[in-house]
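The structure appears below as structure tokens.
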Amino acid sequence: MKFADLGLSDELLRAVTESGYDEPTAIQAGAIPSVLMMRDMIGIAQTGTGKTASFVLPMIDILAHGRTRALMPRSLILEPTRELAAQVAENFEKYGKYHKLSMALLIGGVQMGDQVKALEKGVDVLIATPGRLMDLFERGKILLTGCNLLVIDEADRMLDMGFIPDIENICTKLPANRQTLLFSATMPPPIKKLADKFLSNPKTIEVARPASRNENIEQFVVKTSERGKRDTLRSLIEAESIGTAIIFCNRKTTVRELAKSLQRYGYKAGEIHGDMDQSSRIAELDRFKNGTINILVASDVAARGLDVKGVSHVFNFDAPWHPDDYVHRIGRTGRAGAKGRAFTLITPSDDEAIDNIQKLTGYQIPVHDMGGAERETTRPVGDREEREPRKSARGGRSRSAKPASEERSGSEKRTRKPEGRKPAPAAPRSRDDDDGPDDGWNGPMPDFLSVGFGS
Ligand code: AMP
């Protein structure tokens, strides 16, 4: 199958070729012709399958045939997190460079005034997180009656984050005879119900189960101890000659502390987590993408779905509590046909988490042999581990060391809630979309938040 067989315009085919893609992926081959025929669609596909282009490409052609610069938004894409929304916007810029369409990105953490101004100019494509969209709607700043095309992306993630009532609400504000596309890695009953209620005679395309194993990713577990984790991680980084790596932690505090520790050891490490305001998150991602840093220490929510080319390694500094977070984490490497390696540090308390991951993926993750010992590296002055109990040369505790429980900072205690997925969604979360506060950033709007794209 070739892109040229899918019914896309010549301008789009040119943009696709210039993006370096030779052949459509399975979801693209399945979805694009149906979307162009204006059918409703359910795409069961996870990130990494090329699903973004499967709706962005046909949308550009559909919108190009209608009136551009309408006063009301003509299409709406709902994304669970700011990063995913920004990524979709980048896709529109990339593929839409030969079209004259405009878009606006409505996400939390960005001044509302600038977004309202963008809306007033009129946009063809609105890319939004549900919380911010509802806020603007309730303030009377937005009318959705001109939106004839709706995309609900990452629906299962929306469910996890408690956004389904908002999505149902948003669906009722759009014309009833619109075209609706829903993408989800899994189809739990509430998502099925949502699809039954708001899609009409949809075509279902399923490309890969979320638990399926990406053969391009070599996976390992590495046995260590709670207090030996940083040593083990640094030894792995050294032994693996990494290009770029994402290191996942379960808590924001650990993300911050680990990034600082790695910096003290001379690594070009940065951090991304939900406590950072939007501008810092974008800046940090840019530093990672442009090579200023080659290690990004991340939390689940902030890094979910991140699409950064050529990530050679993923390290799980903490084993994730939710097995499907494991699948999402390691999926940041081995993308678009490249090879990747994923290492999960495990301590005896992680047995259950690893069992659950192995049950979900149906894959027994091999143990990586560190060659007998976690290598002790010279600690730079001020590194927190300096004060933590360490094994003496004979394997016992050094006399001055305190028990680990006394050393752990309050915010790191087991009782602290993880930043990641909530096991069961109850009430919707706060109106701001993912894990980040909406109070931090009142700076100017980044260029890509409201741009005309195309020649
Ligand atoms: P997504 O699933 O949308 O997050 O896309 C995953 C990655 O695949 C992104 O880096 C895309 O740029 C890339 N991609 C999208 N379509 C293709 C294609 N047809 N061939 C190769 N890579 C692609």
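The values are calculated or read from the model by the stated rules, or taken from the named source; none is laboratory data. Please read these numbers as outputs of a predicted model, since none were measured by experiment. Every residue, glycine as well, gets a Cβ built from its backbone with ideal geometry; the counts of neighbours run over all protein chains shown. The accessibility values were calculated without ligands, DNA or RNA, using every heavy atom of the protein model including side chains. Shrake-Rupley method; radii C 1.70, N 1.55, O 1.52, S 1.80 Å.
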#### Entry: Assigned charges on the beta-carbon of Lys, Arg, Asp, Glu; the stretch 3-206 dipole about Cα centre (debye)
680 debye
### Task
Order 137, 92, most accessible first, counting only protein heavy atoms with a 1.4 angstrom probe.
137, 92
## Note on the structure
Sorting 37, 103 on solvent-accessible surface, 1.4 Å probe, most exposed first, gives 37, 103
### Query
What trypsin sites (Lys or Arg not before Pro) in the stretch 25-91 are in a loop by DSSP, with at most 11 other Cβ atoms within 10 Å of the Cβ?
67
### Query
Accessible area per residue of the stretch 79-155 at 1.4 Å probe, in Å²?
27 Å²
### Message
Tell me the accessible surface of residue 367 in square angstrom (1.4 angstrom probe, heavy atoms of protein chains only), to the nearest ten.
### Response
90 Å²
### Task
Measure off 7 Å from each Cα along the Cα-to-Cβ vector at residue 14 and residue 220, then give the distance between these two points in nanometres to one decimal.
4.8 nm
### Message
Longer than 29 Å from Cα to Cα, which of 117/260; 94/193; 223/268 are they? Say none if no pair is.
### Response
117/260; 94/193
### Query
Alpha carbon centre of the stretch 231-246 versus the stretch 1-75: separation in Å?
38 Å
### Message
How many angstrom lie between the Cα centre of the stretch 76-140 and the Cα centre of the stretch 314-336?
### Response
28 Å
### Summary
Among trypsin sites (Lys or Arg not before Pro) in the stretch 100-179, those in a DSSP loop whose Cβ has at most 11 other Cβ atoms within 10 Å are 139
